[in-house]
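Data block below; observations after.
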Amino acid sequence: IVTKILDEEKAVLDIMTDQEKSDFVIVGDIHGSLESLFNIFESKGYPDKTKYLFLGDYVDRGNNSCEVMMTLYAYKCLYPNQIYLIRGNHEFRDMNENYGFKNECLRRISQQQNEKFYKEITGTFKYLPICSILNDKIFCVHGGISALLENRDQLKELKKVDDYFCSEDSVQAEFLWSIPDNSIS
């Protein structure tokens, strides 16, 4: 069900929210910390009452990436217009093989289902939007902005990213993976 919901969303989400109510929360990297996710919900409100935009990196590094993904996807199914998920640089199989999500799935899911579970979850990542514009003026992305786009029309033409990170696609690379460089002033 979540794949169908995500597939219907565009690569660039247009999200409008009531600015007067302050009922919208933007969340950065969770990295498999279920405790952090529930602390955010306890503090800011659950998705039935509060709108959320998550900026990617849901998995890897933490011990509960499986539960984080299942929780976020469950809320997305229950409240599709209250919770939005965009893609981070850890929502790629090659990253998951190096940073822990694959091993977590193989270790924690029953042996008969672990490979299937891993492939199905990582197969959903290609349906995630890559960025969002909030209230027609705030640009939200996991990594950074791209100097290769000259206007909003070019941004709106972007397509979702497929299964593998492509460093040759400069816009994709800048949106999903931007690392600060102290040598640039």
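The values are calculated or read from the model by the stated rules, or taken from the named source; none is laboratory data. Treat the numbers as computed from the prediction; the structure is a model and nothing was measured. Neighbour counts are summed over all protein chains in view; Cβ atoms, including those assigned to glycine, are modelled from backbone coordinates with ideal geometry. Only protein heavy atoms, including side chains, enter the accessible area calculation; ligands, DNA and RNA are left aside. Shrake-Rupley method; radii C 1.70, N 1.55, O 1.52, S 1.80 Å.
Could you order 54, 117 by accessible surface area, starting with the largest, using a probe radius of 1.4 Å?
Ranking 54, 117 by accessible area, largest first, yields 117, 54.
Keeping all protein chains in place, calculate the accessible area per residue for the stretch 29-185 (probe 1.4 angstrom), answer in Å².
Ligands and nucleic acids excluded, the figure is 53 Å² per residue.
What is the distance in Å between the Cα centroid of the stretch 1-41 and that of the stretch 130-161?
16 Å
Once you place label points 7 Å from the Cα toward the Cβ at residue 15 and residue 70, how far apart are they in nm?
According to this spin-label approximation, the distance is 2.5 nm.
Ignoring everything but the protein chains, give the 1.4 Å probe accessible area of residue 10 in square angstrom, nearest 10.
Surface open to solvent at residue 10 totals about 150 Å².
Taking only the C-alpha atoms, wrap a convex hull around the chain and report its volume per residue in Å³ as a whole number.
136 Å³
Protein chains only, probe 1.4 Å: how do 93, 87 rank by accessible area, largest first?
Putting 93, 87 in descending order of accessible area: 93, 87.
What would the Debye equation give as log₁₀ I(q)/I(0) for the stretch 1-71 at q = 0.12, 0.15, 0.25 Å⁻¹, counting only Cα atoms as equal point scatterers?
-0.37, -0.58, -1.26
With a 1.4 Å probe and every protein chain left in place, tell me how much accessible area residue 17 has, in Å² to the nearest 10.
Looks like 20 Å² after rounding.
By its C-alpha gyration tensor, with a ≥ b ≥ c as the square roots of the eigenvalues, how is the stretch 75-125 shaped: rounded for a/c under 1.5, else prolate for a/b larger than b/c, else oblate?
oblate
Please work out how much accessible surface residue 157 shows to a 1.4 Å probe, ignoring ligands, DNA and RNA, in Å² rounded to 10.
Roll a 1.4 Å probe over it and residue 157 shows about 130 Å².
Give me the one-decimal nm value for the distance between modelled label points at residue 49 and residue 159, 7 Å along each residue's Cα-to-Cβ direction.
Roughly 4.3 nm, to one decimal.
Can you send over the carbon and sulfur percentage of the accessible area for the chain, probe radius 1.4 Å, protein chains only?
Of the solvent-accessible surface of the chain, carbon and sulfur hold 47 percent.
Please identify, among 91, 42, 104, the residue showing maximal mean-square fluctuation in a Gaussian network model of the chain using a 10 angstrom Cα cutoff.
42
Going down the list 102/159; 4/116; 49/119, which pairs span over 24 Å between their C-alpha atoms?
102/159; 49/119
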